[in-house]
Structures are given as C-alpha cells and as structure tokens.
Amino acid sequence: MTRHGKNCTAGAVYTYHEKRKDTAASGYGTQSVRLGKDAIKDFDCCCLSLQPCRDPVVTPDGYLYEKEAILEYILHQKAEIARKMKAYEKQKQAQKSDSQLESRSGERERAEKFKKSEGSIVSKPINPFTTGQSRDSEGQNGSAGSASTSSAGSSSAGSSSSSTLPSFWIPSLTPEAKPTVLKKPVKTVQCPMSGRPLKLNELITVRFTPLDPSLDRVALLTRQDRYVCAVTKDTLGNSVPCAVLRPSGVVVTMECVERLIRKDMTDPVTGDKLTEKDIIPLQRGGTGFAGSGIDLNAKEARPVMQV
C-alpha cells in the first residue's frame with residue numbers, strides 16, 4: 001500500500017488501517033501496541049527510577065535497584081503499613097465497642113420485656129358460686145379482646161414501619177452508606193517488581209566492570225556500551241544474558257557461568273565456593289526484536305460496543 005493509499009476514502013473496502021484509525025479516534029475497543037527499543041530500560045538501570053545506577057543493588061530474584069531509591073521505598077512502605085495497621089486496630093476497637101453496646105442493649109430489652117410480661121399478669125379470685133360455662137364464656141371474651149388488641153398493635157406497627165422507610169428525597173430519611181471494612185494489612189514489605197517479600201539484608205551490592213576504567217561517570221553514561229564481563233571482558237547489554245555472583249557482586253555473562261564457573265563452582269574474583277543460590281540471573285529488558293523471547297506487547301483496555 002502506498003503512502004496516500006492509507007488515507008484513501010473513495011475505496012469500496014473498509015481497510016485494516018482505516019479500522020484501526022477509527023478505533024483509536026472513537027475511544028472504544030481494546031488497543032494493543034508493540035513496544036520499541038526506546039520504551040525499554042537498559043539492563044544497568046534502576047527498576048524504580050529508570051536511570052543508570054550509581055550504587056546498584058540486586059534482589060535475590062535478580063531485579064536491579066538504586067540503593068537510595070530502594071531504601072526510600074522500603075521506609076515508605078513501612079510507614080504505610082504502620083498507618084494501615086493503626087487504622088485496622090482502630091476499626092477493630094470500634095467493632096468491639098459496638099458489639100458490647102449491642103449486647104448490653106439486648107440484655108436491657110430482654111429485661112424490659114420480662115418486666116412488662118410480669119406486670120401484665122393479674123391474679124383474679126375464683127368465685128366458687130359461678131358455673132363452668134360462665135367461666136368459659138369469660139375466657140372466650142378475654143381471648144377475643146386480646147386478639148383484637150394484637151391485630152391493632154400489628155396494624156400500628158405496620159404503619160409505623162411504613163412511615164420509617166428510607167427515602168431518597170428527604171435528607172433526614174436518606175439511608176447512610178456503611179463504612180468500608182478494612183482488611184488486616186500484610187506486615188512484610190514486598191518487592192515492587194516481583195511482589196515477593198523484600199528484606200534489607202537480602203540486597204546484594206553489584207559491582208559493574210566498566211569498559212574503559214579511565215572514563216569518568218558522565219563520559220561513561222554517554223556511551224551505549226558501558227560495562228563488560230568481569231572474566232571474559234565481553235560487552236554487556238540487553239541482548240546478553242548475565243548474572244551476579246553473590247560473594248563478590250561482580251557481573252558475568254551466563255555463557256561464562258555455564259562454561260567456566262559451573263565447572264568448579266568457585267568465585268573467580270574472591271575464590272569463595274559458590275552454590276546455585278549464589279548465581280543470580282540479572283533481569284534485563286528486551287531488545288525490541290521479536291526473536292528476543294520477551295513479550296513486549298502493551299494493551300489498553302477500553303469499553304467495547306457490542307451490537
């Protein structure tokens with residue numbers, strides 16, 4: 001399709017390009033777009049600030065953070081957890097006091113009901129000179145009177161209940177919304193990327209090997225290839241899988257790990273023995289190419305019009 005063919009409005013066919021353009025302009029329908037290289041952070045950038053790290057640390061899951069940024073995040077999360085816990089405890093105390101008031105009011109109502117029932121009992125003297133039929137007639141009259149009074153009471157109760165129904169037009173009778181019930185907050189700080197519990201003592205200091213040690217930080221950041229593997233001196237980037245060694249904190253390529261380090265499981269810098277947990281694969285962004293194996297599709301969910 002030519003350049004002007006996309007904007008052709010005289011065609012008899014509703015093209016795919018016209019459909020996508022109309023969908024974007026209408027505001028309806030879920031849109032998906034593939035992220036390019038400009039929308040992907042570099043492997044040596046912080047996951048919070050998205051800037052190259054000055055003092056990088058890595059979590060056991062392989063996510064890289066600026067030390068200052070992750071410490072500020074942990075402090076903020078602890079303060080937020082303390083605030084939520086205080087609100088939860090306040091709600092818990094309020095619910096406890098409400099339940100106590102309800103139990104006391106229930107006991108008071110039962111006591112009042114018992115007093116009324118006891119006060120309504122009247123003992124009538126038995127006349128030995130009256131016959132049984134007259135007693136039965138008196139009992140029937142009493143039952144009819146009680147039935148009439150009960151029906152009158154029910155009708156009055158129904159009228160009172162109907163008069164107290166909530167109304168949305170009268171401000172004094174508008175039903176009130178119930179307060180939001182707070183759930184007990186989780187006391188552990190979670191990693192913003194993986195969602196797993198995050199502890200300060202689990203952060204590992206990372207030491208990148210610069211490509212040219214003679215360059216200062218500003219000159220180093222202006223270059224696209226900034227760091228190399230500490231063992232093989234291969235250039236590191238988003239297209240090169242790499243890992244952090246826990247004892248020394250150096251960054252090496254996964255090829256170096258598979259070919260050299262896994263043979264004797266020894267840190268090439270410090271000489272310490274390594275375990276599988278000491279080799280932390282570094283989480284890196286995509287390269288912008290479909291063959292990188294990383295899903296780079298972004299979706300925006302919007303309302304859909306159905307016919």
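The residue of the stretch 195-210 that is nearest to Leu71 (Cα to Cα), among those that are out of contact with any strand residue (DSSP E or B) (no Cβ under 7 Å at 6 or more places or on another chain) and assigned to a loop (DSSP other than H, G, I, E, B), is Lys199.
Check the stretch 211-233 and report whether any residue there is among the polar types (S, T, N, Q) and part of a strand (DSSP E or B).
Pass one, the stretch 211-233, residues among the polar types (S, T, N, Q): 214, 222, 224, 232.
Those still in the list that are part of a strand (DSSP E or B) too: none.
No; the residues of the stretch 211-233 include none that is among the polar types (S, T, N, Q) and part of a strand (DSSP E or B).
The number of residues in the stretch 69-106 that are under 30 Å from Pro56 (Cβ atoms) and of a type in the set (S, T, N, Q) comes to 1.
Here is a yes/no grid of residues against (1) within 30 Å of Pro197 (Cα to Cα); (2) at pLDDT 60 or above; (3) open to solvent by 60 Å² or more (accessible area, probe 1.4 Å):
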| site | (1), (2), (3) |
| --- | --- |
| Gln93 | yes, yes, yes |
| Thr131 | no, no, yes |
| Ser137 | no, no, no |
| Gly153 | no, no, no |
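Pairs linking a residue in the stretch 232-251 that is closer than 15 Å to Phe43 by Cβ to a residue that is hydroxyl-bearing (Ser, Thr, Tyr) and in a strand (DSSP E or B), with Cβ atoms under 6 Å and 6 or more positions apart or on different chains, are Asp234/Thr253; Leu236/Tyr227; Val240/Thr253; Cys242/Thr253.
Among residues of the stretch 273-285 that are without any contact (Cβ under 8 Å) to a residue 60 or more places away in the chain, those with a Cβ under 7 angstrom from a residue that is of a type in the set (Lys, Arg), sequence gap 6+ or separate chain, pair up as Asp278/Arg246. Based on this model, can you work out whether Tyr28 counts as out of contact with any strand residue (DSSP E or B) (no Cβ under 7 Å at 6 or more places or on another chain), aromatic (Phe, Trp, Tyr) and under 18 Å from Pro241 (Cα atoms)? Considered against the rule, which asks whether it is out of contact with any strand residue (DSSP E or B) (no Cβ under 7 Å at 6 or more places or on another chain), aromatic (Phe, Trp, Tyr) and under 18 Å from Pro241 (Cα atoms), Tyr28 comes out as no.
Take Val206 and decide whether it is out of contact with any His (no Cβ under 9 Å at 6 or more places or on another chain), open to solvent by 50 Å² or more (accessible area, probe 1.4 Å) and not acidic (Asp, Glu). Spell out the reasoning first.
Working: out of contact with any His (no Cβ under 9 Å at 6 or more places or on another chain): yes; open to solvent by 50 Å² or more (accessible area, probe 1.4 Å): no; not acidic (Asp, Glu): yes.
Considered against the rule, which asks whether it is out of contact with any His (no Cβ under 9 Å at 6 or more places or on another chain), open to solvent by 50 Å² or more (accessible area, probe 1.4 Å) and not acidic (Asp, Glu), Val206 comes out as no.
Looking across the stretch 288-300 at every residue that is over 15 Å from Arg20 (Cα atoms) and modelled with pLDDT of 75 or more, the one that is surrounded by the most Cβ atoms within 10 Å (Cβ to Cβ) is identified as Ala298. Scanning the stretch 228-277 for residues that are among the acidic types (Asp, Glu), within 40 Å of the chain's Cα centre (by Cα) and open to solvent by 10 Å² or more (accessible area, probe 1.4 Å) turns up Glu255, Glu258, Glu276. Applying the condition of being in contact with a Gly (Cβ under 9 Å, 6 or more places away or on another chain) and polar (S, T, N, Q) to the stretch 200-238 and asking which residue is farthest from Pro268 (Cα to Cα) yields Gln224.
Restricted to the stretch 194-223, and to residues there that are of a type in the set (D, E, K, R) and modelled with pLDDT of 75 or more, the residue that is nearest to Val244 (Cα to Cα) is Arg207.
One residue stands out among those in the stretch 34-73 that are in contact with a helix residue (DSSP H, G or I) (Cβ under 6 Å, 6 or more places away or on another chain) and open to solvent by less than 50 Å² (accessible area, probe 1.4 Å): the one that is farthest from Lys299 (Cα to Cα), which is Val57. Consider Ser99 carefully, then state whether it is of a type in the set (S, T, N, Q), over 25 Å from the mean Cα position of the chain (by Cα) and over 28 Å from Arg196 (Cβ atoms). Yes, satisfied. Cβ separations smaller than 8 Å between residues 6+ apart or across chains give the following pairs from the stretch 1-28 residues that are in a helix (DSSP H, G or I) to residues that are of a type in the set (Val, Ile, Thr) and at pLDDT 65 or above: Lys6/Thr15.
The values are calculated or read from the model by the stated rules, or taken from the named source; none is laboratory data. None of the values given here were measured: they were computed from a predicted structure. Quick reminder, even Gly has a Cβ in these numbers, built from the backbone with ideal geometry, and neighbours come from all protein chains shown. For the accessible areas, the whole protein counts, side chains as well, though only heavy atoms, and no ligand, DNA or RNA atoms are used. Shrake-Rupley method; radii C 1.70, N 1.55, O 1.52, S 1.80 Å.
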